[in-house]
Amino acid sequence: MPDGDETVIRTSGLTKRYSADTGVFDLDLTVRRGEVYGFLGPNGSGKTTTMRMLVGLIRPTSGTATVLGHPAGSHAAQRGVGALIESPAMYPHLSGRDNLRVLARYADLPPTRVDEVLDEVEMTAKADVAFRAYSLGMRQRIAVAAALLKDPALLILDEPTNGLDPAGMAGMRELITGLRRDHRTVLLSSHLLAEVELLCDRVGVIRRGRLVADGTVEELRQGAGGGWISVAVDAPERAAELAARLPGVRSATVVDGELRVAADRDRAAAVNRFLVENGVEVSELRCAGGSLEDVFFELIGDQGESGDEPRQQPGTERAEVVNR
């Protein structure tokens, strides 16, 4: 990637369609050098599918993606990427150190890298214990060590704290904070609000395969300046055109057939009145903003923990990504 290029990941119209309502659709995403970007959404929203496309495990239906200035999944891109996607896949009878030695040998890396990454993830003291004897938190740390073997500029982590106890989550957060201090770029997927709020410089919220918000944590918390007003109307497209003209309205869009207005709560009455006066039927109006949790649940609506995202067998994709 050229030194002057601050964009590490860029997607345009990226789509992976499994069915009419399952997959990833028209994703425009930008991740900048040196930041921790949080990919936030409920289970089944398309986070893992997006990451698989970025590392070349699956091909998009349409659209484009570049990673470190190269086509996503290409050998040129993979040289600078380390990834932890889904469950850690290691030989259970080998120690953590020996698992990393196997991967380093396969990737034609010097043996010294094994000790370096073990130290980086604070697993040196437990490095010679069999992988099957590790706690979930230790397994995650060894998996992160495997992703770091190539000393990548970009680290892609899919739900790295999933299933961890509070101590394990705190340890993983500390580890990711250390990666940021090393000026690495991290794309981190999660459905945990507290994790994202503590770790991430910017956040993208994905719902049913579509990016519905993007910005800093503070921008999302404040609705890009104040809050959100969601309005159920009979003619959402026309309502969006009308609402966008109102003073104090930053934007007006249609999300899943509902009008979403970026404006302070105190504009709600004016929005309602203006729409009704212009012949739009309003059946419901809700305000959100002030906390990341409020905005998140407003954005994802009723998707919840659907778990409807197609998943591969754990482990098959990990070895492929780490050892390219």
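Just so it is clear, none of the values below were taken in a lab; they were calculated from the coordinates. All figures in this text were calculated on a predicted structure; none of them were measured in a lab. Cβ: placed from backbone, ideal geometry, glycine included. Neighbour counts: every protein chain shown.
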Practice item. Please build a GNM for the chain, connecting alpha carbons under 10 Å apart, and tell me which residue among Gly248, Gly34, Gly56 fluctuates the most. Key: Gly248
Review point. Kirkwood Rh, the stretch 106-179, all Cα pairs: how many Å?
Key: 12.8 Å
Review point. If the cut-off is a Cα-Cα distance under 28 Å, which lysines reach Lys150, setting aside same-chain residues fewer than 8 apart in sequence?
Key: Lys47, Lys126
Revision key, fill the gap. Taking a crude spin-label model, label points 7 Å out from Cα along the C-beta direction, the Asp115 to Val282 distance in nm is 6.9 nm
Practice item. Normalise the Cα radius of gyration of the stretch 165-238 by 2.2 N^0.38 Å (N = residues in it) and let me know the number. Key: 1.42
Review point. Dipole of the chain (Lys/Arg Cβ +1, Asp/Glu Cβ -1, origin at the Cα centre): which of Pro247, His183, Ala232 lies farthest to the positive side?
Key: His183
Review point. Separation between the His183 and Asp26 pseudo-spin-labels, each 7 Å from Cα along Cα→Cβ, expressed in nm?
Key: 3.9 nm
Point to revise | Ellipticity estimate at 222 nm from DSSP helix runs (n ≥ 4, -39,500 (n - 2.57)) divided over the chain, nearest 500 | key: -9500 deg cm²/dmol
Practice item. Multiply the residue gap between Arg105 and Asp128 by 0.36 nm, knock off their C-alpha separation, and tell me the result in nm, one decimal place. Key: 6.5 nm
Check your understanding: Under a Cβ-Cβ cut-off of 12 Å, what is the net charge of the residues other than Glu218 that fall near it, where Lys and Arg count +1 and Asp and Glu count -1?
Key -> -1
Point to revise | For the stretch 228-289, projected area of the alpha-carbon convex hull averaged over all directions, nm² | key: 3.4 nm²
Revision key, fill the gap. At q = 0.12 Å⁻¹, the log10 of I(q)/I(0) for the chain from a Debye sum over equal Cα scatterers comes to -0.82
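About its Cα centre, what dipole magnitude does the stretch 226-289 give when the only charges are +1 on Lys and Arg Cβ and -1 on Asp and Glu Cβ, stated in debye to the nearest 20?
The dipole of the stretch 226-289 has a size of about 280 debye.
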Revision key, fill the gap. The chain, Gaussian network, Cα under 10 Å: of His191, His93, His70, the residue fluctuating most is His93
Exercise for review: Compute the distance in nm between two label points, each set 7 Å from the Cα along the Cα-to-Cβ direction, one at Thr7 and one at Leu136.
Suggested key: 3.8 nm
